[in-house]
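Pasting in a structure now, in C-alpha cells, and then I'll have a few things to ask.
The values are calculated or read from the model by the stated rules, or taken from the named source; none is laboratory data. Keep in mind that this is a model prediction, so the values were computed, not measured. Quick reminder, even Gly has a Cβ in these numbers, built from the backbone with ideal geometry, and neighbours come from all protein chains shown. The protein model used for the area step is the full one, side chains on, heavy atoms only, and it has no ligands, DNA or RNA in it. Shrake-Rupley method; radii C 1.70, N 1.55, O 1.52, S 1.80 Å.
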2 protein chains.
Amino acid sequence: MIGKAAGGAAMYQAMTSLGHAAESEYSGPIKLSPAKKGASVVVLGAGLAGMVAALELRSAGYSVKLLEFQNRAGGRCWTLRGGDEFSELDGTRQTVGFAKGNYFNPGPWRVPHHHLAMMDYYKRFGIKLEAFNQVNHNAFVHNSKAFGGKPQRFRHVQADFRGHTSELLAKAANQGALNDAVTREDTEKLLAGLRAWGVLNKDNRYVASERVSDYRGFDVEPGGGLMPLATPSEPIGLHELLQSDLWSQINSGNMYEFQTTLFQPAGGMDALAKALERELKCHMRYNTKVTKIAQSERSVTVHFTDANKPGAQQSVSADWCVCTIPASLLSQMDIQVGDAMRSAIESLPYGSSIKVGLEFKRRFWEDDERIYGGISYTDLPIQMISYPSNDYMKAGPAVLLGAYSFENTDSYRFASLTPNERIRLALAYGGRIHPQYSEEFSNGVSVAWHRIPWTQGCHGVWSESLRKEHYNNLAQVDNRIVLAGEHVSHIPAWQEGSVLSALDAVKRLHAKAINV
Amino acid sequence: MIGKAAGGAAMYQAMTSLGHAAESEYSGPIKLSPAKKGASVVVLGAGLAGMVAALELRSAGYSVKLLEFQNRAGGRCWTLRGGDEFSELDGTRQTVGFAKGNYFNPGPWRVPHHHLAMMDYYKRFGIKLEAFNQVNHNAFVHNSKAFGGKPQRFRHVQADFRGHTSELLAKAANQGALNDAVTREDTEKLLAGLRAWGVLNKDNRYVASERVSDYRGFDVEPGGGLMPLATPSEPIGLHELLQSDLWSQINSGNMYEFQTTLFQPAGGMDALAKALERELKCHMRYNTKVTKIAQSERSVTVHFTDANKPGAQQSVSADWCVCTIPASLLSQMDIQVGDAMRSAIESLPYGSSIKVGLEFKRRFWEDDERIYGGISYTDLPIQMISYPSNDYMKAGPAVLLGAYSFENTDSYRFASLTPNERIRLALAYGGRIHPQYSEEFSNGVSVAWHRIPWTQGCHGVWSESLRKEHYNNLAQVDNRIVLAGEHVSHIPAWQEGSVLSALDAVKRLHAKAINV
C-alpha cells in the first residue's frame, strides 16, 4: 500500500524508516530446498565464489568436489605474511620478509557495511571486523606540481574548499544571482546552511579565525595552565587552492563504497577464506590445473593435471558444475559451452592493478606525522599511501600500502618491472611524501595482478556496450554449467560481487537441478 | 631562518612538511630536574590531572601523597560496568545492570589524535586504542518537524547538500556572477572542482543517476549473476532539503576535535585512569573529604575527614600542593589563597551535561539498520544517539548512548528528573528514531553531572570576559599551591586540558620549588 500511494523516493524513505526496505536485493542467508538424492556438483576454483557455492550446495545435500589450482584456497581474498612465497608468470619468485604479526592484503582490503552478503558470512563464521580508516583528515594530499611539491594536510584542503565555495555561493545569493533558482524563503536557509557548512563569519566570509581553526586546525593549539595562547591558522587562498588541483583528492571518501563504516577483518582479509576452507577441507583438491571442461546431457566432466606433476591427465565427473575460474583464464581453456557464453568469455578484458606493500622499522607516520590509518593521495604513479588501520601505536615494524594503481597506465608501468624495481620505485616516489622512507625501510613485496598465473589480471572490466552484448550470456546456466565470480556481477573487483554472483548462480542451478 | 623568511602560513606548511612543527605546544613527555632532597607534595583529587601531576613529581623525586574523595581514582575519566554503584547529591542511588563486557563512558568518551599529551600517556602505559566512529554516513539525521518526522540517512542529506550547492555555484559562475571574485582561469578549475565535489553531470546539474547513486547510495543495489538491475536513488529536492534544517546536523564531524582518526581506549575510557592508579596506589588515600587547605611560608596543610566516617578532623602537610578539585567544589571550601585566585575560583560557572546509557537485548541498529558505530543526530532533547564503536556484530546485549545534552536547557531538564525518569524520556524520544526501542530495551543508567557530588557540574565554562579577568589568576602558583584540571586550561571539558594543565602546573611549581 505504501508502495502504491507514494512515489519511488518517498516510498523508499517511508520503508527505510520502518525498517522494511533492504539496502540491496540480498535478503539474508540463502536456504536451498533439498537436492535430489545423489546429486553431485563439481566447483572449479576455491576463491570466495567457489567456496560459497560449494558450501550452500553441500547444505542442500549435493555431493561436492572443489578443484583449486593453488595449494591454498581463497584466490584473490589473499593475505601475505612473513615467509609466504609466490611466483609470477615468468617464474620470478618473491618471499615475504615481514615481521611476525604483520600482513598485507594484495587484493581486496576493504568491506563496505552495505556489502550485505559479505557481512552475513562474516557474522556466520564469527569473523572479527575492525574499522578500516578510509578518510584521515590528518593524512596528506599531494600534487608534485603544487605548493612546491610539499604535501598538504587533507583537513586544510577540505575545509578551505568548503569555506571558499560557501563564501562564493553566499555572495552570489546576496547579490540576487540565484533568484531564478532559489526562493527568498529558501535563500535564508541556504545562507544559514552555508555559514555552518563553510564556517563563514557573520559577514559570510571565510577568513582566519578561532572558529575556522576549530575546523582546519590551529597553528598553535590551545593548551593548559599558562602555556602559550592558541594561534589560528591561515586558510589557503582561493586561487592557490583551485590551481593546486588538490580538490580532486578530497572526495573519494564520500563514495558509498568507501563511506563509514568501512571494515577490514582483523588480522588479514583472508580470515573468511580460511574459515570457509576449514569448513570445506574434505571436499578440496589442491594443485589441480583444469585443462578441459566437457558436458553431456547427463553430466559434466572436468579434465585436469596435477599442477606440481604435469603430464598425466585425470578427470572428475559430476551432475553439475559451478565454474569460478576467471574469464582471463577460462578463455584459454577448452570449455564446452554454447557460442553465446563462449563469446562472452572471450570478450571480457581484465583490468590491471598493482600493489606494493612496504614494511618499515617503525610507524613514523604515526610518531612523526600523527597519521593513524587512512590514505594519503598523490599525483605520483604510486597514487596513494595507505597506513594500517590496526595495531595503532604498536612498537616495532609495520606494513603500509606503498603503491596502488588501478586500471591505468601506471599499473602497466609498474607491472612491466621486476618486483624489486617496483619496490624501489614505490620508495623513490613515496619518499617525496615521507622523507623517513630511506632511513626506515625494511623490506617489501609487490603484486602485479596481470602477472599472477592464476588470474592474469585483476578483475573483469565491463564497458556499457560489452555488458549489453555479453553479460546475460555469461551469467546464464549453460546446460549443466554455470559461471560465478566478480566477473559475473555488477560489482566488479569487489568480493560482494563474487559472493552474490555465486549465490545467484547456485539458486538458478539448483532450480534447474530439482526440475530435471 | 625559515621562520624569518616566510609568512606565518607558509612557514607552518614548510615546517610541517619537514616534520619540525609541533601540532600543539606539547612537545613530548616532560622530564623534570631532580627535586630538592626531602621535598614533598600533596595532590588533591586523583583524576587524570592529579595522577599525572603526582606521577611526574614522584619521578623528579618528590615524596607524594594523593587525597581522593571517592573510593576509586579517575574522576570524570570514568567507565560504568555491570554492578557499579553511585549516588547523586540527594542520595538517589543507581546500580548498573549491564551484561558482562558491556560498558558506558558517562564522561569523556573520545580522544582526538592531536591530543598529544593523552596520546603519549596511552603509549607510555600501553593502552590499546580503537577507532571511535564519529561520522557514520549510514546513521540518521532527524528533525521532528521535517519529512513527517521520519529520520533520514546522513549520506543522503550530506550528498544532496553538496550536490545542490555545487550546482547553484556552478550556475552562478557560468552566468558571470562571480567575475569580481574569481578569474576566468580559476573559474575553469572551480567548475571542475564543483563537478567532482558535488557529483554534477556534464551540464553541471545534480540529478539522479548511477554516478550520483555511487555517492548517496542506490534504491536497488547492484548485484551478481542475474539479480535485478540497480536502480538509482532520487535526491531530496533543494527546497525540501533547505527547509528541513537537516544541513545543520552534517558538519560536526568536520571539526578538528572530531576529525579522523578519533580514538577510544578499548574496553572503556578509564583504561588510562586504572593504569595510573595501579602506578600510584601506595600514595593514594581514598574516601578523603578535604575540608580546608591552609598554607604558610613553609608548608601546606590539608584538613580532611573520612568520607565514610565523618567527624574526626585529620590533616596532612607537605611542602607543596597541587589541587585538582573542581572550582565548583573548591569555591565551597576554605582554601587559603590570595584574593585574586579566590575570586577566580568563585567566578567560574560550571556547565551542565547529562548522558543516558541504554542497554538493549541485541544490536538492532546493526542488524536492522546497518548502522555500525557513529552518531545519529536529532532535534529532540536527547540530541543524539551514539552506537558502540566496538565489538561490531557481537551477539547479545549492547549499550548505546541514548541521550547526550551538553550546556543547554535540555541538560537542565533531564537533570531535574530522577534517573528512571531520564531513562524513560530517552526511550520515548529515541523510540521515534528506532521503533525497536520498546521491544529490545533491557536496562539503563544516567549521569547528570550537576548532581554528581564530586563535581557538581560537568566542566568550567569560560566566557571571553571571564577568561580575561580571572584565568591567569586561577592558573598562577599561589605561594605553595597551584591548581590544575580542565578548568585551568583552554581546552575545557577535554582530558587533554586536564593533563596539559597538570603538566604546566607541575613545571612551574617545580621551577619555584628548586629555587626557594
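Could you count how many residues in region B:236-247 are facing chain A (nearest Cβ under 8 Å) and buried (at least 19 other Cβ atoms within 10 Å of the Cβ)?
4
Now for a separate question. Quick check on B:G176: is it among the small types (G, A, S) and either open to solvent by 10 Å² or more (accessible area, probe 1.4 Å) or more than 7 Å from every other protein chain (Cβ to nearest Cβ) (or both)?
yes
Return yes when A:Y392 is under 15 Å from B:K123 (Cβ atoms), within 9 Å of chain B (Cβ to nearest Cβ) and open to solvent by less than 10 Å² (accessible area, probe 1.4 Å) and no when it is not.
Criteria not met by A:Y392.
Also: Mind checking which residues of region A:208-235 are at the interface with another protein chain (Cβ under 7 Å from one of its Cβ atoms) and open to solvent by 10 Å² or more (accessible area, probe 1.4 Å)?
Across region A:208-235, the qualifying residues are A:D214, A:Y215, A:D219, A:V220, A:E221, A:P222, A:L226, A:M227, A:P228, A:A230, A:E234.
Something else: Taking B:N204 as the residue in question, decide whether it is more than 7 Å from chain A (Cβ to nearest Cβ), free of Cβ contacts under 8 Å to residues at least 40 places away in the same chain and open to solvent by less than 30 Å² (accessible area, probe 1.4 Å).
Yes: the conditions hold for B:N204.
All but one of (1) over 29 Å from A:A131 (Cβ atoms); (2) at pLDDT below 95 hold for B:F406; state the number of the condition that does not hold.
Failed condition: (1).
Tally time: how many residues in region A:223-239 are within 39 Å of the chain's Cα centre (by Cα) and under 24 Å from B:N251 (Cβ atoms)?
7
Evaluate the following for B:R162: is it free of Cβ contacts under 8 Å to residues at least 60 places away in the same chain, closer than 20 Å to B:S233 by Cβ and either within 14 Å of another protein chain (Cβ to nearest Cβ) or surrounded by fewer than 22 Cβ atoms within 10 Å (Cβ to Cβ) (or both)?
Criteria met by B:R162.
Among A:A196, A:A192, which is outside any loop (DSSP other than H, G, I, E, B), surrounded by fewer than 20 Cβ atoms within 10 Å (Cβ to Cβ), in contact with a Phe, Trp or Tyr (Cβ under 9 Å, 6 or more places away or on another chain) and within 7 Å of chain B (Cβ to nearest Cβ)?
The unique qualifying residue is A:A196.
Could you pull out the residue among A:A502, A:A426, A:A511, A:A448 that is crowded, with 21+ Cβ neighbours inside 10 Å, within 14 Å of chain B (Cβ to nearest Cβ) and of a type outside the set (F, W, Y)?
Being crowded, with 21+ Cβ neighbours inside 10 Å, within 14 Å of chain B (Cβ to nearest Cβ) and of a type outside the set (F, W, Y) holds for just one of A:A502, A:A426, A:A511, A:A448, which is A:A502.
Now for a different question. Any idea how many residues of region B:394-440 are touching a helix residue (DSSP H, G or I) at 6+ places or on another chain (Cβ under 6 Å), under 23 Å from B:A139 (Cα atoms) and in contact (Cβ under 8 Å) with a residue 60 or more places away in the chain?
5
OK, next. Would you check if B:V199 is β-branched (V, I, T) and under 28 Å from A:Y26 (Cα atoms)?
When the stated conditions are applied, B:V199 passes them.
Yes/no matrix, rows are residues, columns are (1) part of a strand (DSSP E or B); (2) surrounded by fewer than 18 Cβ atoms within 10 Å (Cβ to Cβ); (3) modelled with pLDDT of 95 or more; (4) not small (G, A, S):
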residue: A:V42; (1), (2), (3), (4): yes, no, yes, yes
residue: A:A53; (1), (2), (3), (4): no, no, yes, no
residue: A:E56; (1), (2), (3), (4): no, no, yes, yes
residue: A:S59; (1), (2), (3), (4): no, yes, yes, no
residue: A:K65; (1), (2), (3), (4): yes, no, yes, yes
residue: A:F69; (1), (2), (3), (4): no, no, yes, yes
residue: A:G83; (1), (2), (3), (4): no, yes, yes, no
residue: A:L89; (1), (2), (3), (4): no, yes, yes, yes
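When residues of region A:224-260 are filtered for being in contact with a Phe, Trp or Tyr (Cβ under 7 Å, 6 or more places away or on another chain) and either among the polar types (S, T, N, Q) or without any contact (Cβ under 8 Å) to a residue 24 or more places away in the chain (or both), how many remain?
9
Next up: From the list B:E346, B:E366, B:E359, which one is part of a helix (DSSP H, G or I), open to solvent by less than 10 Å² (accessible area, probe 1.4 Å) and modelled with pLDDT of 95 or more?
B:E366
Return the residues of region A:142-159 that are outside any helix (DSSP H, G or I) and either surrounded by 24 or more Cβ atoms within 10 Å (Cβ to Cβ) or at the interface with chain B (Cβ under 9 Å from one of its Cβ atoms) (or both); say none if nothing qualifies.
Across region A:142-159, the qualifying residues are A:H142, A:K150, A:P151, A:Q152, A:R153.
Moving to a separate point now. Show me the strands (runs of 3 or more DSSP E) entirely contained within region A:248-308 in which 2 or more residues are buried (at least 16 other Cβ atoms within 10 Å of the Cβ) and more than 14 Å from chain B (Cβ to nearest Cβ).
A:288-295, A:300-306
When you look at A:Y26, is it open to solvent by less than 10 Å² (accessible area, probe 1.4 Å) and out of contact with any Ser or Thr (no Cβ under 8 Å at 6 or more places or on another chain), yes or no?
Spelling it out, it is not the case that A:Y26 is open to solvent by less than 10 Å² (accessible area, probe 1.4 Å) and out of contact with any Ser or Thr (no Cβ under 8 Å at 6 or more places or on another chain).
For region B:457-488, name all the residues that are open to solvent by less than 20 Å² (accessible area, probe 1.4 Å) and among the acidic types (D, E).
B:E486 - this is the single residue of region B:457-488 that is open to solvent by less than 20 Å² (accessible area, probe 1.4 Å) and among the acidic types (D, E).
Would you pick out the residues in region B:101-137 that are basic (K, R) and either assigned to a loop (DSSP other than H, G, I, E, B) or within 8 Å of another protein chain (Cβ to nearest Cβ) (or both)?
Answer for region B:101-137, where residues must be basic (K, R) and either assigned to a loop (DSSP other than H, G, I, E, B) or within 8 Å of another protein chain (Cβ to nearest Cβ) (or both): B:R110, B:K123, B:K128.
Quick check, is A:A307 over 35 Å from the mean Cα position of the chain (by Cα) and aliphatic (A, V, I, L, M)?
For A:A307, the condition - over 35 Å from the mean Cα position of the chain (by Cα) and aliphatic (A, V, I, L, M) - is not met.
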